[in-house]
Each structure stands twice: as structure tokens, then as C-alpha cells.
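Q: My questions will all concern the structure given below.
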Amino acid sequence: EVQLVQSGAEVKKPGESLKISCKGSGYRFTSFWIGWVRQMPGKGLEWMGIIYPGDSETRYSPSFEGQVTFTVDTSIATAYLHWSRLKASDTANYYCVRPLRPGVVVTTDYWGQGTLVTVSS
Amino acid sequence: DIQMTQSPSSLSASVGDRVTITCRASQDISNYLAWYQQKPGKVPKLLIYHASTLQSGVPSRFGGSRSGTDFTLTISSLQPEDVATYYCQKYSSGPLTFGGGTKVEIK
């Protein structure tokens, strides 16, 4: 069974750094892109970008370029979303997602359960 | 980048009604369009991809179609369990942009 299991909720202060995780199982982790989606409180879905675990190629959405960093550790089949300096406006639920097919960036059929990040002084 | 304009932003309909949601792409995206359903407090669920292909396990009352750069999600007979927000998403080249969402409620 394919699963994406994300790390737990976080409460941080502005200016702090944070890395949240997404562990894939039930499929060949290095063959499928992993994407990230933001959902701010009461708002819609926003595409942040995507990373290919096979070679760590990343494609950031323009709105998130320079604001976050995607990495992977293929030895433990885990993808990460990293902030170096959080802002209050980063408060949101973050989902990791996996596309329908291997090796291509297409729409996504598997979603993690979400990680709620709260940034407040 | 290609923009996705979804309408209406919300609608209220009676059980059994036919419901239509539209998504317009700012450029040609061929059939690279998906629809998601997000129930309150839940993770989004893929309903349709490639504009009209029903994802496995999705009830047949859901359907998708395309006319040029306009895409439509149709619920043929609205059920109480269909209360949710629906999003379109394009997956042609570039970012996989979502539409703004349509909140569907029961009248």
C-alpha cells in the first residue's frame, strides 16, 4: 500500500528555522516526483513545487522560489520541506503529494496527511 | 505562468440537482486538467484526471469535460456526501496551478 506519512504539527517563532518531513512507503521512492502543497487557514490549495528523488532535481513555483528548500534522503525514503527563517505568513497546513505515474510531473493521487505549521510570537 | 480561473466560488443546490463547476485556463493546456474534492477537515482527493478520466473508486455521478480552454466538472445528482470544496489543477508544463476552489453546499 502506497503511503506518505508526514511529521507532526509544529509551533515556531518568526525567524526560526524548520524542516518538516514526508516518508514514502509501498513504492519505489526514487522513481516518483514528490510535490508540496500549501493550504493557509480557510484558504485554497497552492502548488509550491516538486522534487525528483532520483537526482534531486527541483522545480519551485515562482511564488515560493527562494522562500523554501526541498531536499530528499533516499536512504530513508523521506522528502523534506525546509524554511531558514519563518514568517507569520508561513502559518498553514502543508501536504506532500505523489504523482500518478513514475518519472513524470503529472497530477497527484497520493497525499500525505498534512503538517500544520503555526508561526507566532 | 498559466492561470486557472474557477467559477462559481460557491454554490448551493438541492439533493438530486445537477451541479456544474467551470475552470478556465489562460492558455491551451490540452487535456492536462484534474479535479479534486476536499471535504471539511480532510485531505484532498483526486476525482478526475486528463479532463474526463474518472479516478478508480469515484462514483459515476461525477464527470468531466473540456471545450477548448474551458473545463467542466459535473455532478449529475448531488448527494449529501458531496458537500465539499472542489479544485481544478492544471498539469501541463510549468507549475501545477490550482483553481481558486468552489464550495458546494446543500440547500
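Q: On the protein heavy atoms, probe 1.4 angstrom, tell me the percent of accessible surface of chain A carried by carbon and sulfur.
A: Carbon plus sulfur share of accessible area: 46 percent.
Q: Among B:30-41, A:51-62, B:11-22, how do they line up by average Cβ neighbours within 10 Å per residue, starting with the highest?
A: Top to bottom by mean Cβ count within 10 Å: B:30-41, A:51-62, B:11-22.
Q: Tabulate in residue order the Karplus-calculated ³J(HN,Hα) for region A:56-67, using 6.51 cos²θ - 1.76 cosθ + 1.60 with θ = phi - 60°, rounded to whole Hz; enter x for Gly and Pro.
A: 3J(HN,Hα) across region A:56-67, in whole Hz: 6, 4, 10, 9, 9, 5, x, 5, 10, 4, x, 9.
Q: Dipole size in debye (nearest 20) for the protein assembly as shown around its Cα centre, Lys and Arg Cβ +1, Asp and Glu Cβ -1?
A: In debye, rounded to 20, the protein assembly as shown gives about 280.
Q: Sticking with this structure for a sec: Counting only the heavy atoms of the protein chains, how much of B:R24 is accessible to a 1.4 Å probe, in Å² to the nearest 10?
A: 130 Å²
Q: Can you check how the C-alpha radius of gyration of chain A compares to 2.2 N^0.38 Å, as a plain ratio?
A: Normalised Rg, Cα atoms only: 1.00.
Q: Run the paramagnetic zone check for B:N31: 7 angstrom along Cα to Cβ, then residues of region A:92-108 with backbone nitrogen under 19 Å.
A: Residues A:100-102, A:104-108 qualify, since their backbone N sits under 19 Å from the label point.
Q: Among A:I50, A:Q39, B:P80, whose Cα lies farthest out toward the positive end of the dipole of the protein assembly as shown, if unit charges sit on the beta carbon of Lys, Arg (+1) and Asp, Glu (-1)?
A: Projecting each Cα onto the dipole axis, the largest value belongs to B:P80.
Q: What list of ³J(HN,Hα) values in whole Hz, one per residue of region B:40-53 in order, does the Karplus curve 6.51 cos²θ - 1.76 cosθ + 1.60 (θ = phi - 60°) give from phi, with Gly and Pro shown as x?
A: Each residue of region B:40-53 in turn: x, x, 10, 7, x, 10, 6, 9, 9, 9, 6, 6, 9, 8 Hz.
Q: Determine the shielding of peptide A:105-118 by partner chains: average, over its residues, the number of Cβ atoms on other chains within 10 angstrom of each Cβ.
A: 4
Q: Let me ask you something else. Need one value for A:34-43: mean number of C-beta atoms belonging to other chains within 10 Å of its residues' C-beta atoms.
A: Across A:34-43, the average partner-chain Cβ count within 10 Å equals 1.
Q: Now for a different question. Per residue, how large is the accessible surface of chain B? Use a 1.4 angstrom probe and give square angstrom.
A: Value for chain B: 45 Å² per residue.
Q: Additional query: Give the aspartates and glutamates reachable from B:K107 as a straight Cα distance under 16 Å; neighbours fewer than 8 places away on the same chain don't count.
A: B:D17, B:E81, B:D82
Q: Once neighbouring chains are kept in place and the probe is 1.4 Å, which whole percent of the accessible area of chain B is contributed by carbon and sulfur?
A: 44 percent
Q: Next up: Can you tell me the accessible area per residue over chain A, all protein chains present, probe 1.4 angstrom, in square angstrom?
A: 46 Å²
Q: Under 27 Å from the Cα of A:K12, which lysines turn up, not counting those fewer than eight places away in the same chain?
A: Within reach: A:K23, A:K43, A:K87, B:K42.
Q: Could I ask something else about it? Over the protein assembly as shown, what number does the Rg to Rh ratio reach, with both radii from the alpha-carbon atoms and Rh per Kirkwood?
A: 0.97
Q: How many Cβ atoms of partner chains, on average, are near each residue of B:85-95 if near means within 10 Å of its Cβ?
A: Mean partner shielding for this stretch: 4.
Q: Something else about it: Which value, in square angstrom to the nearest 100, describes the accessible area buried between chains A and B on both sides, using a 1.4 angstrom probe?
A: Heavy-atom accessible area buried at this interface is about 1400 Å².
The values are calculated or read from the model by the stated rules, or taken from the named source; none is laboratory data. Predicted model only: the values in this text are computed from it and were never measured. When we count neighbours, we look across all protein chains shown, and the Cβ atoms used for this are built from the backbone with ideal geometry, even at glycine. What goes into the accessible areas is simple: the full protein's heavy atoms, side chains included, and nothing from ligands, DNA or RNA. Shrake-Rupley method; radii C 1.70, N 1.55, O 1.52, S 1.80 Å.
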